[in-house]
């Protein structure tokens, strides 16, 4: 498998649920990202991990919790989300200075 | 001030024409510049990247960078209906920890 893989592709969860999004990159990159894309809005940078250390937390609510156990894997743990958190969540990876490669995204719906 | 600014459009051009997309960025420390294309419901895919002042050509696409004016553009020659998409400009300041910033995107429609 090549590139950046995200699972699941679609997720529907209730406001009291706990779920996790998974991202795996097979490109040997040293940085990984979570972005949120809401309808008709730009990509919002949520978290950046560089060399497995978090270097950016873009004022994201604590109901979103990232985890980067190694340079190939990135998780986004979700709990007590709100309906306005429904969006496309995109994972990306890059090598220092190079372009970001995106996964296919997880379409999240909070009900 | 936004990190990256683009005209949201929509921009419409006839098939075969040149489409011109523009982007400005605020941080002079930005080092790498990218253009992505995003079809509706899909993830962004890289079209071009440019690091140095001047022009860079790849097939029907030309990226132009002017660091003094903090300006990046993308020209699409011989536009095709399949080019209809949202085009995202992105800048990277990897020296501060690999931070990519994206513009809001410009919606392009190529009319057959």
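Annotations for the structure displayed:
- Residue satisfying condition, being at pLDDT below 95 and under 22 Å from residue A:45 (Cα atoms), within set B:85, B:90, B:68: B:90
- Residue within region A:78-88 that is closer than 20 Å to residue B:4 by Cβ and within 15 Å of the chain's Cα centre (by Cα) present: yes
- Residues in region B:46-58 that are in a strand (DSSP E or B) and loosely packed, with under 14 Cβ neighbours inside 10 Å were compared, and the one that is nearest to the other protein chains (Cβ to nearest Cβ) is B:58.
- Filter pass, residue A:71 being in contact with a helix residue (DSSP H, G or I) (Cβ under 9 Å, 6 or more places away or on another chain), within 14 Å of chain B (Cβ to nearest Cβ), farther than 15 Å from residue A:102 by Cβ and modelled with pLDDT under 95: no
- If the condition is being assigned to a strand (DSSP E or B) and over 14 Å from residue B:92 (Cα atoms), then region B:24-45 contributes B:37, B:38, B:45.
- Being in contact (Cβ under 8 Å) with a residue 40 or more places away in the chain, more than 9 Å from every other protein chain (Cβ to nearest Cβ), assigned to a loop (DSSP other than H, G, I, E, B) and crowded, with 16+ Cβ neighbours inside 10 Å holds for only one residue in A:108, A:81, and it is A:81.
- Yes/no for residue A:99 being on the phi < 0 side of the Ramachandran plot, touching a strand residue (DSSP E or B) at 6+ places or on another chain (Cβ under 6 Å), surrounded by 15 or more Cβ atoms within 10 Å (Cβ to Cβ) and modelled with pLDDT under 90: yes
- Only listed residue being surrounded by fewer than 14 Cβ atoms within 10 Å (Cβ to Cβ), under 18 Å from residue A:43 (Cβ atoms) and touching a residue at least 12 places away in the same chain (Cβ under 8 Å), chosen from B:39, B:25: B:39
- Condition met for residue B:7 (within 14 Å of chain A (Cβ to nearest Cβ) and under 21 Å from residue A:32 (Cα atoms)): no
The values are calculated or read from the model by the stated rules, or taken from the named source; none is laboratory data. Everything quoted here is computed from the prediction, not taken from an experiment. Here the Cβ is made from the backbone with ideal geometry for all residues, glycine too, and neighbour counts use every protein chain on show.
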